[in-house]
1. From the list 37, 32, which residue is within 25 Å of residue 112 (Cα to Cα) and either without any contact (Cβ under 8 Å) to a residue 60 or more places away in the chain or part of a loop (DSSP other than H, G, I, E, B) (or both)?
2. Restricting to the range 80-116, give me the number of residues that are in a loop (DSSP other than H, G, I, E, B), surrounded by fewer than 18 Cβ atoms within 10 Å (Cβ to Cβ) and within 12 Å of the chain's Cα centre (by Cα).
3. Among the residues of the range 40-50, count how many are part of a loop (DSSP other than H, G, I, E, B) and surrounded by 12 or more Cβ atoms within 10 Å (Cβ to Cβ).
4. What number of residues within the range 4-20 satisfy the criterion of being surrounded by fewer than 13 Cβ atoms within 10 Å (Cβ to Cβ) and either under 13 Å from residue 91 (Cα atoms) or touching a helix residue (DSSP H, G or I) at 6+ places or on another chain (Cβ under 7 Å) (or both)?
5. I'm checking my understanding of the structure. Among residues of the range 51-79 that are in a loop (DSSP other than H, G, I, E, B) and in contact with a strand residue (DSSP E or B) (Cβ under 7 Å, 6 or more places away or on another chain), which one is farthest from residue 3 (Cα to Cα)?
6. If residue 30 satisfies all but one of (1) over 25 Å from residue 69 (Cβ atoms); (2) surrounded by 13 or more Cβ atoms within 10 Å (Cβ to Cβ), what's the number of the condition it fails?
7. Give the residues of the range 51-72 that are closer than 19 Å to residue 100 by Cα and exposed (fewer than 15 other Cβ atoms within 10 Å of the Cβ), sorted by residue number.
């Protein structure tokens, strides 16, 4: 799990279309349908969120630079995501992890090695 040096803006998850109230929410791109997706461990959806908001967030120069520096692939039209963003809905903090690790975080709603 890698902590990003940037946060989601206030209200970003709601504007994106995330309807839930879970603390940790995974965000990624799905090539089948070419859609942004979320997974909070209880609900998941692809194609029901604001694709342009997702793309504009991850395409900011400082975000792209950081993703490239860490060889992070969040998915695109040709390939599924190797990594997912894990957003902390309470703080706006952004973390990135390999897909399986991010899936575990959102389903358990805690980071590895922290008390449940």
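Laboratory data are not the source of any read-out in this text; all were calculated from the coordinates shown. Note that the structure is a prediction, hence the values are computed from the model and not measured. Note that each Cβ is placed from the backbone with ideal geometry, even for glycine, and that neighbours are counted across all protein chains shown.
1. The unique qualifying residue is 37.
2. Result for the range 80-116: 2.
3. Result for the range 40-50: 7.
4. 4
5. Of everything passing the filter in the range 51-79, 76 is farthest from residue 3 (Cα to Cα).
6. Exception for residue 30: condition (1).
7. Correct list: 70, 71.
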